[in-house]
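One structure is given below, encoded as structure tokens.
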Amino acid sequence: MSLQRSALVASGKVYRTHGISKRVSQINISAIKEMPLLASKVEGCVSLGQGIPSFPTPPHILDAVCEKMKNRQDSGKYTLGPGMPELREAIARYLNGKFSIGADPDREICVTVGAMEALSAAVLTLVDRGDEVILPSPNYASHIEQVLLAEGVPVFVPLSEDGWQLDVEGIRRAITPRTKAIIICSPHNPTGALFSEADLRAVADLAIQHDLVVISDETYDFLVYDGLKHFSFMSLPELKDRLVATFSFSKKYAMTGWRVGYVYASEGILDHLMKIHDAMAICAPTVSQYAALAALEGPQDCVAEIRTALSRRCDLICERLRGMAEHFEFVKPRGAYYLMARYRKEGVDSMSFALRLLYEARVITVPGSAFGPTGEGHVRMSFGGADAAIEEACDRIEKWLAGARF
């Protein structure tokens, strides 16, 4: 049974098909969002599902926004389409300080409604009907739907499951005359992998050699553990004219509900991406842009505190899963706040396993099949929630596994 059909059966919802465009009919609400919707009908669930950090938005950001809302009449009005000039200038200073790329705030940066809008706009800008887009598998579920919405063809290249690393030769073999782009997210959602600098450089070389565009999802660029370092495509000047990099304030500053991010691309690409941005959003919410400006210009201790807490939670969930080794195997995350746990239940698809966890153990996870074919046989677990929630979820899973029949 397909992921879509399983979710529909579980929710009892039947979708209209008559008069609905094929491009919309062929995509799904991701299981990342579907599972909490199903869980809303189940009393007392605890979540290892959607990637929502438990931390409150830092006080200095809230204070700055309240001040702007009280004292700036423009706080309830549109900004320029690409975003407030002072925010774009702050973003350019950040990028130039980190990567020395000479980012132009007027020509190469657009503030978006989260990284999700930036990613969707990038795919719609670059991908025509029938174009192929290479996606490591497992990969972030919404990347798949974005490619399908553009009427492109997702081409999955499995990650090596022993460490969830890129298969550069597999990517090379997957390139055809129809290939248009490669989408890479590192640190990686859903596996928590951190892709090596050597492999990312090799992917960049392939993009240059074959005239491809790299769409780089940098949502978790700040969230790396165990003294490791994140390497970004932004560090490669030779890739500048074929790179679209998307960034988010959601996880770094605990601002998921503010819905603000940004995209960096060369002027030749951004000019066209702006058409999509204007048609879909006009501009990012003004109050959220003020929040983003305060985040960039304010103290950064909050980022370090979030990273430290999530590193501890990573150790916690790994310790708990090691205690369930007869039921799960996994690779310890090196970044982000997710892991893919392979469950040891032969013949059980991941949607069925996740639904049983939901309805019988009252624990929300996300079925691995949502993340591409290599995700089957796994469930994604997020450790963005509070320590107590992680402990409670693992307690429930242990108790459930002791009595569950398959």
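The numbers here are math on the coordinates, done by the rules we state, and not lab data. Quick caveat, the model's predicted, so the values are computed rather than measured. Positions of Cβ are generated from backbone atoms using ideal geometry, with glycine treated the same way; all protein chains shown enter the neighbour counts.
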Most positive-pole-ward Cα, 366, 406, 390, against dipole of the range 366-406 from beta carbon charges: 406
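Kindly state, as a whole number, the per residue volume in cubic angstrom of the convex hull around the alpha carbon atoms of the chain.
Values: hull volume 59.4 nm³, N = 406.
Convex hull of Cα atoms, per residue: 146 Å³.
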Whole angstrom only: what separates the Cα centroid of the range 328-406 from the Cα centroid of the range 44-111? 33 Å
Sum up the charges of everything whose Cβ sits under 15 Å from the Cβ of residue 252, counting Lys and Arg as +1 and Asp and Glu as -1, but leave residue 252 out. -2
Give the lysines whose C-alpha is closer than 22 Å to that of residue 180, dropping any in the same chain fewer than 8 places away, or say none. 22, 240, 275
Would you please classify the overall shape of the range 340-406 from the alpha carbon gyration tensor, given that a ≥ b ≥ c denote the square roots of the eigenvalues, rounded means a/c under 1.5, and beyond that prolate means a/b larger than b/c while oblate covers the rest? oblate
Using Cα-only point scatterers and the Debye equation, what is log10 of I(q)/I(0) for the range 186-291 at each q in 0.10, 0.14, 0.16 Å⁻¹, rounded to two decimals? -0.34, -0.65, -0.83
Longest span of the chain, sites excluded, free of GluC sites (Glu not before Pro) in DSSP loop with at most 10 other C-beta atoms within 10 Å? 44-325
Using the eigenvalues of the Cα gyration tensor, what equivalent ellipsoid semi-axes result for the range 229-342 when each is taken as the square root of five times the eigenvalue, whole Å, largest first? 33, 19, 15
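Roughly how many debye, to the nearest 20, is the charge dipole of the chain about its Cα centre, given +1 on each Lys and Arg Cβ, -1 on each Asp and Glu Cβ, and no other charges? All intermediate terms of the calculation are to be shown ahead of the outcome.
Numbers: 44 positive and 49 negative charges, 219 e Å.
It comes to approximately 1060 debye.
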For the chain, take the longest principal axis of its alpha carbons; what is the angle in degrees between that and the long axis of helix 85-99, to the nearest 10 within 0 to 90? 70 degrees
Whole-Hz Karplus ³J(HN,Hα) for the range 347-357, in order, using 6.51 cos²θ - 1.76 cosθ + 1.60 and θ = phi - 60°, x for Gly and Pro? x, 10, 6, 5, 5, 4, 5, 5, 5, 5, 4
Quotient of Cα radius of gyration and Kirkwood radius for the range 1-155, i.e. Rg/Rh, equals 1.03
Rounded to 10°, Cα long-axis angle of helix 114-126 versus longest principal axis of the chain: 80 degrees
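Across every pair of different alpha-carbon atoms, what Kirkwood hydrodynamic radius in Å does the range 59-297 reach? List each step's numbers first, then the result.
Values: mean 1/r = 0.0551 Å⁻¹.
With all distinct Cα pairs of the range 59-297 included, I get 18.2 Å.
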For the charge dipole of the range 65-191, defined by +1 on Lys and Arg C-beta atoms and -1 on Asp and Glu C-beta atoms about the Cα centroid, which residue among 84, 116, 156 has the Cα displaced farthest towards the positive pole? 84
